[in-house]
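Structure, as structure tokens:
The values are calculated or read from the model by the stated rules, or taken from the named source; none is laboratory data. It should be emphasised that the depicted structure is a prediction, and the values quoted were computed from it without experimental measurement. Virtual Cβ from ideal backbone geometry, glycine too; neighbours counted across all protein chains shown.
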Amino acid sequence: MILAPDRRVRGILTVLAVAAALGACTPSTGGATPAASESPAASPSSDAAVACPTGQPDALPAGETRTVTMETTEGTITIALDADLSPIAVGNFAALAACGYYDGVVFHRTVPGFVIQGGDPTGTGTGGPGYTIEDEPVTTDYGRGTVAMARTAAPDSVGSQFFIVTDDAAAGALSSANTYQIIGEVTAGMEVVDAIVAKPNSGQETGNMALEPVTMTSVSVSNP
């Protein structure tokens, strides 16, 4: 459902394929497009006080930002979310992080020079929260450290899968698709992202699935 990073972007990497893996979508583009899975899975249980959404959450109001702290088995990644980029997608990601949805979920796809993709509770690249959200226009450029949502080619197919761009060279492939809602950027911990993408994967013929998946042990969101 998610366009996940997958060496399908023949010249550059079109995933995630450009994620769509990215999000409920898993990048998969012959090698470079994040794509999302087409069969959302049930949301993981959580001890968080906030219930996980069962439908599209409220958009984050214009001008608002959030800080996401992502503890992983490789280290900590800090992400700055910005509502002005994609208010619906940012509100969705923040709501899922707040309810503990991403705790224990892995980065299931790693495409060197392109992206790492996670957010699927099944770890297969085909799962999601059980709902999808509306599409939004992409109004800025992708680059190293950009965080965006994965999706399939179908309209309004974003769920929970997301990707992090690991190289500025991936911008061309992602921009040519221009459909992966950008939600923010990594402000600290890109060395952790680099360590994750360097781990072995199954190869482009089988979707660049992580052979040693790194787990998000805890993902929390705060209002700066």
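Residues of the stretch 11-29 include none that is outside any loop (DSSP other than H, G, I, E, B), at pLDDT below 95 and touching a Cys at 6+ places or on another chain (Cβ under 9 Å). For the stretch 71-102, residues that are within 21 Å of residue 196 (Cα to Cα) and either surrounded by fewer than 21 Cβ atoms within 10 Å (Cβ to Cβ) or of a type in the set (Val, Ile, Thr) (or both) total 10.
Within the stretch 134-155, is there a residue that is charged (D, E, K, R), surrounded by fewer than 17 Cβ atoms within 10 Å (Cβ to Cβ) and under 29 Å from residue 195 (Cα atoms)? For the stretch 134-155, residues charged (D, E, K, R), surrounded by fewer than 17 Cβ atoms within 10 Å (Cβ to Cβ) and under 29 Å from residue 195 (Cα atoms): present. Could you tell me which residue of the stretch 181-204 is surrounded by the most Cβ atoms within 10 Å (Cβ to Cβ), considering only residues that are of a type in the set (Asp, Glu) and touching a strand residue (DSSP E or B) at 6+ places or on another chain (Cβ under 8 Å)? The residue in question is 185. Which residues, taken from the stretch 33-66, are small (Gly, Ala, Ser), part of a loop (DSSP other than H, G, I, E, B) and modelled with pLDDT under 85? Correct list: 37, 39, 41, 42, 43, 45, 46, 48, 49.
Residue 220 meets each of the listed conditions (1) in contact with a helix residue (DSSP H, G or I) (Cβ under 6 Å, 6 or more places away or on another chain); (2) of a type in the set (S, T, N, Q); (3) surrounded by fewer than 16 Cβ atoms within 10 Å (Cβ to Cβ) apart from (1).
Please determine whether any residue of the stretch 198-207 is at pLDDT below 95 and aliphatic (A, V, I, L, M). No.
Every residue, every condition in (1) small (Gly, Ala, Ser); (2) under 18 Å from residue 101 (Cβ atoms), yes or no:
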residue	(1), (2)
137	no, no
146	no, no
153	yes, no
163	no, yes
174	no, no
187	no, no
201	no, no
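Scanning the stretch 159-180 for residues that are polar (S, T, N, Q) and over 10 Å from the mean Cα position of the chain (by Cα), we see that the one that is surrounded by the most Cβ atoms within 10 Å (Cβ to Cβ) is 166.
Does residue 80 qualify as being at pLDDT below 95 and closer than 17 Å to residue 186 by Cβ? In short, no.
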